[in-house]
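> I have a structure here, written as structure tokens, and I will follow up with some questions on it.
The values are calculated or read from the model by the stated rules, or taken from the named source; none is laboratory data. Because the structure is predicted, anything quoted here is derived from the model rather than measured. Quick reminder, even Gly has a Cβ in these numbers, built from the backbone with ideal geometry, and neighbours come from all protein chains shown. Accessible surface areas use protein heavy atoms only, side chains included; no ligands, DNA or RNA. Shrake-Rupley method; radii C 1.70, N 1.55, O 1.52, S 1.80 Å.
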Amino acid sequence: MYRENYINVLREEIVETVANHLTPAAVKYGYSEMPLEANIKWRPMVLLIGNYSSGKSSLINEFLGAEIQDTGQAPTDDSFTVLTYDETVPEGEKIHVSEERDGKVLLNDPEYPFSTLRKQGQRFAAHFRLKKSNSPFLKDLAIIDTPGMLDSITERDRGYDYQEVIGDLAQKAGLVLVLFDAHKAGTVREAYQSIRETLSAATFEDRIIFVLNRIDECSSFSDLLRVYGTLCWNLSQITGRKDIPMIRLTYSPHAFAKGGGVAAFRKAEYLPLLENQREDLRRAIQDTPRRQLDHLASFVEIQGERLVHYMEALVMYRERRRKFRFQKILAGAVTGLFFGAMAALALMALGMPEPILMSTAGGAGFVVFMLFWMTVVQNRQERRFHQRVTADVDTLTDVEDQTRKDSWEAVRERVRKHLEKEKGGYSLFELRRDLSAVRKKTEQASQEIREAMSEVAALADGEDADFDIPILSINEISRPVGLGDEYYQSFRYNY
Ligand SMILES: Nc1nc2c(ncn2[C@@H]2O[C@H](COP(=O)(O)OP(=O)(O)OP(=O)(O)O)[C@@H](O)[C@H]2O)c(=O)[nH]1
Ligand SMILES: [Mg+2]
């Protein structure tokens with residue numbers, strides 16, 4: 001199996017591992033409403049964001065090898081376009097757009113991982129589309145072109161929450177390219193917010209590449225240095241970091257040739273020095289499937305860890321509730337016995353000391369009291385207990401180190417919400433059994449994935465891997481407790 005195929009098969013198996021071993025418990029216990037793999041099941045994605053007219057679409061066309069996206073001065077394209085591969089086009093045909101689909105299909109078809117964007121409404125759906133092309137560049141990945149970031153527009157004007165959409169897509173993407181152009185090395189407002197808040201919450205630093213584009217338009221080499229310096233300064237201000245992120249310097253030769261003419265060539269003597277930057281960028285994009293594997297491996301570990309933490313809190317809640325219930329019933333029974341004894345004694349005091357009468361009165365007193373206790377007192381106390389715990393869910397867990405703190409931070413609201421509307425439907429026994437299964441599977445999956453990843457790292461491009469499918473043995477083992485075949489079928493994914 002070649003390295004590329006090995007990467008693809010491993011990716012599919014990681015998704016399957018999540019679907020088989022994490023999602024059933026996650027859905028059953030309210031950790032997630034959607035299958036956990038919903039966001040990761042599709043092909044690796046590269047998200048391009050940046051200032052308007054920074055050359056996003058031109059650069060994409062450059063990589064794809066044809067005019068697939070519209071380009072133009074002034075804000076040109078106000079749509080999010082997912083560009084993906086069409087394997088049905090016969091080989092040898094020239095590169096073109098072979099099929100287009102509108103936003104509604106993309107948002108509603110479970111084949112695509114975009115259902116989370118449905119909540120953005122009609123306006124967004126109208127600005128979301130898919131284009132299929134036979135460009136070989138898209139063979140193992142999808143690219144998302146986005147509307148340029150602006151200074152003046154407000155979220156209301158766009159008709160959907162632009163930052164939220166960017167955040168959602170960045171979360172799904174294996175790589176995010178943030179483009180600036182030589183004219184606007186100072187960043188526009190939306191870009192500022194995207195980098196400072198949206199991206200930092202949605203993705204990791206190592207998944208972001210900053211690009212200074214349209215460098216052919218600098219008037220000289222020193223002008224380029226000035227622009228580059230300005231961008232570095234701005235980025236370090238935005239990110240609040242002392243170290244400057246790596247910035248690729250590039251331009252689109254086709255756009256350059258179209259616009260510049262002789263004058264442009266004369267002043268751009270520094271360009272040949274930077275040709276390799278676009279190649280580096282091309283390689284980084286093409287490497288996204290492998291990067292995505294790292295992403296998926298940590299996805300399994302992080303989600304597994306969080307799900308375990310979440311379920312532990314539910315177990316703790318159930319154990320406490322059981323103890324509380326037991327104590328209260330015991331208290332009720334003791335009081336009930338006392339009540340019955342009082343009834344029996346009352347008979348005696350009334351001059352009716354027959355044992356049968358007294359024990360009947362005692363028993364009846366006990367039963368009446370217990371009925372009252374269980375329906376009124378016990379209920380009220382349990383409700384109070386529930387409210388008390390829900391108001392302070394932190395008592396349901398120990399956070400002994402930073403990792404636990406982080407995972408608790410991620411799940412505590414979910415635990416609270418779940419407890420607030422919790423209807424049960426599962427027993428403590430079931431919960432404990434599922435928790436131990438998830439714990440074991442997460443550990444096994446993480447280890448197997450790590451081993452498979454080191455195999456990938458050892459393989460060079462195009463090298464043959466000495467493996468048979470499946471790579472992860474965890475998927476051979478029968479499914480964990482929980483839901484039936486229909487459930488699994490409903491989430492089967494295909495490409
Ligand atoms: N000289 C030169 N012109 C470029 C380059 N890249 C893009 N352009 C031109 O700049 C204009 C904007 O390019 P687009 O690719 O449409 O930019 P965009 O970022 O997709 O713009 P929006 O979609 O509107 O946000 C077009 O007229 C391109 O021809 C470049 O590297 N060099
Ligand atoms: Mg564009």
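> Taking the Cα centre of the chain as the origin, how large is its charge dipole in debye, to the nearest 20, when only Lys and Arg (+1) and Asp and Glu (-1) carry charge on their Cβ atoms? Please report the intermediate quantities before stating the final value.
Numbers: 64 positive and 73 negative charges, 488 e Å.
So the dipole magnitude of the chain works out to roughly 2340 debye.
> Can you tally the net charge around residue 241? Count Lys and Arg as +1, Asp and Glu as -1, for every other residue whose Cβ sits under 12 Å from the Cβ of residue 241. Intermediate results must be reported in sequence, preceding the final value.
Details: positive: 196, 242; negative: 205, 243.
Taking every other residue near residue 241 into account, the sum is 0.
> Nearest 500 deg cm²/dmol is fine: what mean residue ellipticity at 222 nm does the chain get from its DSSP H runs of n ≥ 4 alone, each adding -39,500 (n - 2.57), divided by its residue count?
Numbers: 18 runs with 260 residues, N = 495.
My calculation for the chain gives -17000 deg cm²/dmol from helical runs alone.
> By its C-alpha gyration tensor, with a ≥ b ≥ c as the square roots of the eigenvalues, how is segment 60-219 shaped: rounded for a/c under 1.5, else prolate for a/b larger than b/c, else oblate?
Here segment 60-219 falls in the oblate category.
> Describe numerically, in nm with one decimal, the distance between label points set 7 Å from Cα along Cα→Cβ at residue 410 and at residue 226.
Going from the residue 410 label point to the residue 226 one covers 4.6 nm.
> Here is a follow-up. State the extension gain, in nm to one decimal, for the chain segment bounded by residue 66 and residue 386, taking 0.36 nm per residue of separation less the distance between their alpha-carbons. Walk me through the intermediate numbers first.
On the way: separation 320, 0.36 × 320 = 115.20 nm, distance 6.19 nm.
Stretched out fully, the residue 66 to residue 386 stretch lengthens by 109.0 nm.
> Would segment 1-54 count as rounded, prolate or oblate if I go by the C-alpha gyration tensor, calling it rounded below 1.5 in a/c and otherwise prolate when a/b exceeds b/c, oblate otherwise? Write out the running numbers ahead of the final one.
Details: a/c = 5.89, a/b = 1.29, b/c = 4.58.
Since a/c reaches 1.5 but b/c is at least a/b, the shape of segment 1-54 is classed as oblate.
> I need two numbers for segment 202-341: Rg to one decimal and Dmax as a whole number, Cα atoms only, in Å.
Radius of gyration, then largest Cα-Cα span, for segment 202-341: 31.1, 109 Å.
> Could you state how much accessible area residue 118 has, in square angstrom rounded to the nearest 10, with a 1.4 Å probe and all protein chains kept in place?
120
> I would also like to ask the following. Residue 206: net charge of surrounding residues, Cβ under 10 Å, Lys/Arg +1, Asp/Glu -1, itself excluded? Please list the in-between numbers first.
Working: positive: 207, 291; negative: 205, 294.
Taking every other residue near residue 206 into account, the sum is 0.
> Rounded, prolate or oblate: which one fits the chain, using the alpha carbon gyration tensor with axes a ≥ b ≥ c (rounded when a/c is under 1.5, else prolate when a/b beats b/c, else oblate)? All intermediate terms of the calculation are to be shown ahead of the outcome.
Values: a/c = 3.06, a/b = 2.38, b/c = 1.28.
Since a/c reaches 1.5 and a/b is larger than b/c, the shape of the chain is classed as prolate.
> Fully extended, how many nm does the chain gain between residue 219 and residue 275 (0.36 nm per residue separation, minus their Cα-Cα distance)?
Values: separation 56, 0.36 × 56 = 20.16 nm, distance 1.75 nm.
Length gained between residue 219 and residue 275: 18.4 nm.
> Near the amide H of residue 214, under 5 Å away, which other amide H atoms are found, from residues 5 or more places off or on another chain, if H is placed in the peptide plane?
250, 251, 252
> Count charges around residue 387 for me, please; just the other residues with Cβ under 14 Å from its Cβ, Lys/Arg as +1, Asp/Glu as -1.
Values: positive: 320, 321, 380, 383, 384, 388, 416, 421; negative: 382, 392, 420, 422.
Computed value for this residue: +4.
> I would also like to ask the following. Select from 314, 436, 367 the residue farthest towards the positive end of the dipole of segment 306-454; place +1 on Cβ of Lys and Arg, -1 on Cβ of Asp and Glu, and compute about the Cα centre.
Ranked along the dipole, the leading option is 367.
> So, one more: In debye, nearest 20, what is the charge dipole magnitude of segment 54-151 about its Cα centre with +1 on Lys and Arg Cβ and -1 on Asp and Glu Cβ, if you could check? List each step's numbers first, then the result.
Values: 11 positive and 17 negative charges, 85 e Å.
About 400 debye.
> Here's a follow-up. Two decimals is fine: what's Rg over Rh for segment 30-142, C-alpha atoms, Kirkwood radius as Rh? Spell out each step's value before the answer.
Numbers: Rg = 15.1 Å, Rh = 15.3 Å.
A ratio of 0.99.
> Oh, and also: How far is it, in nm, from the label point at residue 447 to the one at residue 87 when both lie 7 Å from their Cα along the line to the Cβ?
Distance between label points: 3.4 nm.
> Continuing with this model, one more query. Under a 5 Å amide H to amide H cut-off, with H placed in plane at 1.01 Å, what residues pair with residue 96 once short-range neighbours are removed?
Hits under the 5 Å cutoff: 134, 135.
> Towards the positive end of the charge dipole of segment 168-241, with charges on Cβ (+1 Lys, Arg; -1 Asp, Glu), say which of 224, 170, 213 has the farthest Cα.
Of the listed residues, the answer is 170.
> Efficiency by 1/(1 + (r/R0)^6): what FRET value for residue 354 and residue 374, r their Cβ-Cβ distance, R0 = 41 Å, to the nearest 0.05?
Numbers: r = 30 Å, r/R0 = 0.72.
With a Förster radius of 41 Å, E is 0.85.
> Tell me which aspartates and glutamates have Cα within less than 20 Å of residue 441's Cα, excluding those fewer than 8 residues away on the same chain?
Straight-distance partners of residue 441: 12, 13, 16, 37, 294, 301, 305, 312, 430, 451, 476, 485.
> Lysine pairs in segment 7-134 8 or more apart or on different chains: how many have alpha carbons under 24 angstrom apart?
15
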